[in-house]
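Asker: Sharing a structure here in structure tokens format.
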Amino acid sequence: MRELSVDMCKPYHKRSYGLSGTFTPLFQMMKAVLRANLNAAIIMPEHFPIGNALAIDSASSFTKSSYMLNLFKKKTAKDAVPKSYDMPEGEVVYAIGDVHGCFIPMINLLSKIELDRRLCPAQKSVVVFLGDLMDRGPASREVIDFLMHFTPDWTEVVFLRGNHEEVMLDVMSGNIGAMRSWFEFGGKDCARSYGVDNFGQLLINPDHIMMALQRSVPRAHLEFLDSFHDAFTFGDYLLVHAGIKPKVAIEDQSPYDMRWVRSSFLDYTKPHPMKIVHGHSVVEDEPEIHSNRIAVDTGVYQGRPLTAVKLYAGQETFIQSDVKGDPQDI
Ligand SMILES: [Mn+2]
């Protein structure tokens, strides 16, 4: 019997950041935007005890008790495909697809999830971000700044690493080649959100852009992104950014495949040992429930809603933001 790999099993990140200097103005702006534009009575600021690390440390026993043991069931290489994919009793998961710098749809979706969770009789709740918080949309910095301080009293929060987190961390380590390709798939939008836009120097002085990036992106943001996990299990469900390599045991999956895989996973219609919940590959109309996987990336940055799947009591249901992505949203 082999357990899940150490990395997949390590307790998820327990954030304890305090309020940052940049956060309070953002929070005030968020309040103003919500009141003015979104007709959003759903979230009031007091529902977000942001930065209240002490409260969650003392109030939440989830990470200190058997919660992780309940969530991380042992899987073995010879695991047969279960007759049905089961969920832990009395626990609810909300898995949110690729945010891609779309701040207002994210806030709107979180408010709807909070309301749902407060009405849900589950004893335990986890909100899982499936990765790709940044790039493409207009507000990567705001999304990251908000989430790194997001310690609500109504749920635990888990972050998974997507291919865009992987590339951004690579870029910020000083990799000029990675920066060039990053700028081809949404990295410029992320850089702009940090005030870096000297892209005209890309051919002649790429070092100048790199220096500007390294000056502008706070170290705390990178440490936050670096704390993300590869996968999260919930009963017979495996939550990952992109998917898995078919016909390979769950514990033998590579982080690379879990962050980047596309057609070999998407085209595979036979059962996996676990049901896979993923983002990464945009489904253009509605989120999709297949027999072996659930796809929740509805392409919010392309003017569509942000989507979460709720897993509770054997049911797979979707919650979507009422606000669609819009390049002008912040
Ligand atoms: Mn993505």
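Asker: Quick one: which helices (runs of 4 or more DSSP H) lie wholly within the range 120-196 and hold at least 3 residues that are outside the structural domain of Leu110 (by TED's automatic domain parsing)?
Answerer: Qualifying helices (runs of 4 or more DSSP H): 163-172, 176-182, 187-193.
Asker: Please verify whether Val217 is at pLDDT 95 or above and under 16 Å from the mean Cα position of the chain (by Cα), treating the condition exactly as stated.
Answerer: Taking the combined requirement at face value, the residue does not satisfy it.
Asker: Let me ask something else about it. How many residues, within the range 223-236, are in a helix (DSSP H, G or I) and crowded, with 17+ Cβ neighbours inside 10 Å?
Answerer: Residues flagged as in a helix (DSSP H, G or I) and crowded, with 17+ Cβ neighbours inside 10 Å within the range 223-236 amount to 2.
Asker: All but one of (1) among the charged types (D, E, K, R); (2) touching a His at 6+ places or on another chain (Cβ under 9 Å); (3) farther than 29 Å from Ile107 by Cβ hold for Asp236; state the number of the condition that does not hold.
Answerer: All conditions are met except number (2).
Asker: What's the number of the only condition in (1) assigned to a loop (DSSP other than H, G, I, E, B); (2) in contact with a Pro (Cβ under 7 Å, 6 or more places away or on another chain); (3) surrounded by fewer than 23 Cβ atoms within 10 Å (Cβ to Cβ) that Thr298 fails to meet?
Answerer: (3)
Asker: Looking only at the range 234-265, count how many residues are more than 13 Å from the ligand (Cβ to nearest atom), free of Cβ contacts under 8 Å to residues at least 24 places away in the same chain and out of contact with any helix residue (DSSP H, G or I) (no Cβ under 6 Å at 6 or more places or on another chain).
Answerer: Qualifying residue count, the range 234-265: 8.
Asker: Looking only at the range 214-229, decide whether some residue is closer than 23 Å to Lys310 by Cα and touching a residue at least 24 places away in the same chain (Cβ under 8 Å).
Answerer: yes
Asker: Moving to a separate point now. Answer with yes or no whether Lys124 is surrounded by fewer than 20 Cβ atoms within 10 Å (Cβ to Cβ), over 15 Å from the mean Cα position of the chain (by Cα), basic (Lys, Arg) and modelled with pLDDT of 95 or more.
Answerer: Taking the combined requirement at face value, the residue satisfies it.
Asker: Here is a follow-up. Can you find even one residue in the range 84-100 that is assigned to a helix (DSSP H, G or I), assigned by TED's automatic domain parsing to the domain that holds Phe234 and within 16 Å of the ligand (Cβ to nearest atom)?
Answerer: no
Asker: I've got another one for you. Out of Pro246, Pro273, Pro287, report the one residue that is closer than 19 Å to Val127 by Cβ and surrounded by 15 or more Cβ atoms within 10 Å (Cβ to Cβ).
Answerer: Exactly one of Pro246, Pro273, Pro287 is closer than 19 Å to Val127 by Cβ and surrounded by 15 or more Cβ atoms within 10 Å (Cβ to Cβ), namely Pro287.
The values are calculated or read from the model by the stated rules, or taken from the named source; none is laboratory data. Please read these numbers as outputs of a predicted model, since none were measured by experiment. A quick note on method: Cβ atoms are made from the backbone with ideal geometry, for glycine too, and the neighbour counts reach across all protein chains shown.
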